[in-house]
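Let me begin by presenting the structure, written as structure tokens, before commenting on it.
The values are calculated or read from the model by the stated rules, or taken from the named source; none is laboratory data. Everything numeric in this text was worked out from a predicted model, so none of it was measured. Here Cβ is always computed from backbone atoms with ideal geometry, including for glycine, and neighbour counts include all displayed protein chains. Calculation scope for accessible area: heavy atoms of the full protein, side chains included, ligands and nucleic acids excluded. Shrake-Rupley method; radii C 1.70, N 1.55, O 1.52, S 1.80 Å.
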Amino acid sequence: MVPIEFRRDVVTARFVNPAGGEIEDRRLDIRFDPLLHTSSRIAPGVRLPTAQPEALLPLQQPDPTCPFCPGRVEKVTPTLLPAIAPEGRIRCGETLLFPNLVPYSQYAAVAVFSSRHWLSLPDFTPPLLLDNLNAALSYIRRVAQADRSVRYAAYNVNYLYPSGGSLPHPHSQVYVDRHATTMMRLQEDAAVSYLARHGRPFWEDLVDEEEGRGERFIGRLGRTAWITPFAPLGFNEVRVIVRGVGTVLELTDADLRSLAHGIARVLIAYDDQGYNSFNLALSSALDPARPALGVTMSMITRSALVPYYRSDAMYLERLHWEAAVDRPPEEVARDLRTVFG
Ligand SMILES: [Zn+2]
């Protein structure tokens, strides 16, 4: 195992307190991602709005215009090409999967979790998540069979408006394309270089290092390892590495069950902390000869949906590609361990 370098620079910001004229210190922790060398800032005082239950009431009512509710979803959503799915839409337990009207990727699909219009975070149970993951993987497998030119896949969730979700009815979005996203490309290029330099996959070394250190390690479920990243991309970020797997096409039923159980636990923790909006992204290459990207997943909380909420993405995140978060990942991991117990 090659030791992973966790590089950081803790700097002090100083100002004169207007009340007493004393000089006050604020600690800014600048951290560098061990794979990409991108940086993140942990700046105490950054705050995300947390939930106000009454703000959700209008969204929890039945919505006669929702295109994902029963009765409409079968009429207004498109169907898959017969070469991919002759049945038109892929049903898996409560999940119904169909093409996305917006082509975020060459093969873009939406997978509605349930006929229920509203789910709170604890309602994303392992069986519900497992059905959705199964439907997404079935779609990815069928697309990869039907079109040999696709090279990358991702499983993503936007939940509630602060996350970028346009419809509150819970759904995931599947990405299959010949091109990687920018993050997938950066990670794959860096992981290929790491493998060439050290002769070992980066993600395996990272999990071994994090498990040895313990401070950011949350737990294992089957072949999935759950950690908080040293240099987070967003608030309360949890990162998952599926060990011993080169691409998403190699995921077993047991791996999907592990992912479903872990996601449900993280969402319970997010709910406990007062968050109700989140993003999730699982990424993979599709070519078994190019396994360096591995199968990894990230989850973050977004600003809770409250009136006039402040977005958690400001000039730093959107234009400097630099996250500023409030809590060190070591604290986030400590909290998450209580639900992984
Ligand atoms: Zn609905």
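Structure above, values below:
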{"item": "Checklist (1) open to solvent by less than 10 Å² (accessible area, probe 1.4 Å); (2) within 16 Å of the ligand (Cβ to nearest atom); (3) not in a loop (DSSP other than H, G, I, E, B) applied to Leu129, failing item", "result": "(2)"}
{"item": "Looking only at the stretch 60-83, and only at residues there that are of a type in the set (Val, Ile, Thr) and touching a residue at least 24 places away in the same chain (Cβ under 8 Å), the one that is nearest to the ligand (Cβ to nearest atom)", "result": "Val73"}
{"item": "Test: residue in the stretch 271-280 that is open to solvent by 40 Å² or more (accessible area, probe 1.4 Å) and of a type in the set (D, E, K, R)", "result": "yes"}
{"item": "Residues that are within 16 Å of the ligand (Cβ to nearest atom), farther than 26 Å from Arg178 by Cα and not small (Gly, Ala, Ser), drawn from the stretch 96-126", "result": "Phe113, Arg116, His117, Trp118, Leu119, Asp123, Phe124"}
{"item": "Some residue of the stretch 320-341 being touching a helix residue (DSSP H, G or I) at 6+ places or on another chain (Cβ under 9 Å) and under 20 Å from Leu128 (Cα atoms)", "result": "yes"}
{"item": "Residue pairs meeting the criteria (Cβ under 8 Å; at least 6 apart or on separate chains; first at pLDDT 95 or above, in the stretch 307-329; second of a type in the set (Lys, Arg) and open to solvent by less than 50 Å² (accessible area, probe 1.4 Å))", "result": "Pro329/Arg216"}
{"item": "Count of residues meeting criterion [in contact with a strand residue (DSSP E or B) (Cβ under 9 Å, 6 or more places away or on another chain), part of a loop (DSSP other than H, G, I, E, B), open to solvent by 10 Å² or more (accessible area, probe 1.4 Å) and over 13 Å from Ser163 (Cα atoms)] in the stretch 289-309", "result": "2"}
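Yes or no, residue by residue, for (1) within 30 Å of Val306 (Cα to Cα); (2) within 16 Å of the ligand (Cβ to nearest atom); (3) crowded, with 20+ Cβ neighbours inside 10 Å:
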site	(1), (2), (3)
Gly164	yes, no, no
His169	yes, yes, yes
Met184	no, no, yes
Ala225	no, no, yes
